[in-house]
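Trainee: Mind looking over this structure? Questions follow.
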Amino acid sequence: MPEWVHLPDKYMASATPYIACPGCDLLLNKIHSSSGRKLFCPRCETVIYQKKTNSITKVLAISTAGLLIYIPAIFMPLLTIHAMGMKQSGSIFDAFLSFYHQQYYLVTILLFLTSILFPLVRLSILFSVSLQLKIRLYSKSLFFLFRTANYLDEWGMVDVYLIALIVSIIKIHKMATLEFDIGFFCFVFLVFMTRATTSALEPEIFWSALDELKQSSTKTIKQ
Ligand SMILES: [Zn+2]
């Protein structure tokens, strides 16, 4: 028998009267409530609801900023290294090409997927889904797209590359003179935007809004 959980109205739009605890899968009944408090699972105390206002608007704004900064972050030089009278600079894309020319194919594929393709696809999907929810433009692919974006969150690893980059900078800064280029700041910004979409994204609000949009578009077609 499900326990009870009081949820604000926007959570009630979903077709199902139940909500599953993300921590222990305990099934809970939804009940109308205007409360903005943090709500916990009665069994494992995982947070079931935490007030995240304007999740859709925030995700739309952050994903737009992320997409705008994406091209300079990937294609512009990160660092210029001066050592022994030589000067060299490179971007994330140059690193990808360099691994490819050195025939490190597995690394090349991993770098391409996790730091170039997946973050771009995820940001594009979140932009498209949140924009369509905002302008109330329904398409059948919305559910599939949003599910894909959630899945890709685990595979985008731009933050891992930022850590690797910082470790490399610490290691070589005594041997060479380093100059930070515009691409480095764009890349740091991209990492923040990628993480910010995750923290602003409230899946339940998105699923409820998608459900509601689908139901209202079906009614419009019937009329
Ligand atoms: Zn639980």
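Trainee: Can you name the residue in segment 45-56 that is on the phi < 0 side of the Ramachandran plot and assigned to a loop (DSSP other than H, G, I, E, B) and is also modelled with the highest pLDDT among such residues?
Mentor: T46
Trainee: For I125, are the conditions met, namely being modelled with pLDDT of 85 or more and surrounded by 14 or more Cβ atoms within 10 Å (Cβ to Cβ)?
Mentor: yes
Yes or no, residue by residue, for (1) over 26 Å from F96 (Cα atoms); (2) of a type in the set (G, A, S); (3) free of Cβ contacts under 8 Å to residues at least 40 places away in the same chain:
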site: V129; (1), (2), (3): yes, no, no
site: R147; (1), (2), (3): yes, no, yes
site: L152; (1), (2), (3): no, no, yes
site: T177; (1), (2), (3): no, no, no
site: M193; (1), (2), (3): no, no, no
site: E204; (1), (2), (3): yes, no, no
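Trainee: Condition test on V191, is it in the same structural domain as A65 (by TED's automatic domain parsing) and in contact with an Asp or Glu (Cβ under 7 Å, 6 or more places away or on another chain)?
Mentor: yes
Trainee: Does at least one position in segment 186-204 carry a residue that is more than 24 Å from I116 (Cα to Cα) and among the hydrophobic types (A, V, I, L, M, F, W, C)?
Mentor: no
Trainee: Give the residues of segment 47-68 that are in contact with a strand residue (DSSP E or B) (Cβ under 7 Å, 6 or more places away or on another chain) and either surrounded by fewer than 19 Cβ atoms within 10 Å (Cβ to Cβ) or within 18 Å of P119 (Cα to Cα) (or both), sorted by residue number.
Mentor: Matches in segment 47-68: V47 only.
Trainee: With I71, I135 as the choices, which residue is over 27 Å from I205 (Cα atoms) and surrounded by fewer than 15 Cβ atoms within 10 Å (Cβ to Cβ)?
Mentor: Just a single option satisfies the conditions, and that option is I71.
Trainee: Continuing with this model, one more query. Being more than 30 Å from A209 (Cα to Cα), modelled with pLDDT of 85 or more and more than 16 Å from the ligand (Cβ to nearest atom) is the requirement here; does I71 meet it?
Mentor: The answer is yes for I71.
Trainee: Any residue at all in segment 193-212 that's part of a helix (DSSP H, G or I), aromatic (F, W, Y), under 30 Å from M76 (Cα atoms) and in contact with a helix residue (DSSP H, G or I) (Cβ under 7 Å, 6 or more places away or on another chain)?
Mentor: no
Trainee: Quick one: in segment 20-38, which of the residues that are surrounded by 13 or more Cβ atoms within 10 Å (Cβ to Cβ) and more than 11 Å from the ligand (Cβ to nearest atom) is modelled with the lowest pLDDT?
Mentor: S33
Trainee: For residues that are over 20 Å from A65 (Cβ atoms) and either crowded, with 17+ Cβ neighbours inside 10 Å or of a type in the set (A, V, I, L, M, F, W, C) (or both), tally how many sit in segment 158-180.
Mentor: 13
The values are calculated or read from the model by the stated rules, or taken from the named source; none is laboratory data. What you are looking at is a predicted structure, and each value in this text was computed from that prediction instead of being measured. Glycine also receives a Cβ, built like all others from the backbone with ideal geometry; neighbour counts cover every protein chain displayed.
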